[in-house]
1. Would you kindly calculate the translational diffusion coefficient of the stretch 27-90, applying Stokes-Einstein with the Kirkwood radius from alpha carbon pairs, for 37 °C and a viscosity of 0.692 mPa s, and quote it in µm² s⁻¹ without decimals?
2. With each label point set 7 Å from Cα along the Cα-Cβ vector, what nm distance links residue 77 and residue 46?
3. Just want the answer: with Cβ charges of +1 for Lys and Arg and -1 for Asp and Glu, which residue in 46, 84, 29 is farthest toward the dipole's positive end in the stretch 15-88?
Amino acid sequence: MIDKGWQAEFQPDRRDAIRRRTRRKAVIVLNGGWSTINAEILNVSANGALVQLEGIGAFPDAFQLRYDGLKKYAFRVWTRGLKAGVQFEG
């Protein structure tokens, strides 16, 4: 087994809030509501989330994220494949 303790030194966690693991269906809304992308939230905090697209596509830079009756404006911080870390505005 490989010791990954070194990662904390080189890849510090820059989050301001603790994220909770979840699997919530979500919708990314663009173009004033004219375009939507199905997604799933894999973890969430008050400040952001880890979002995964449910199909092939590209993450927009800024969008509205709707889940559980909430509407949050968000922007993409990083992308890796179909997953992206997003930060909520406000």
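Read the figures in this text as sums done on the coordinates, not as results from a lab. Remember, it's a predicted structure, so these values are computed and weren't measured experimentally. Note: ideal-geometry Cβ built from the backbone for every residue, glycine included; neighbour counts use all protein chains shown.
1. 285
2. The answer from the label model is 1.5 nm.
3. 46
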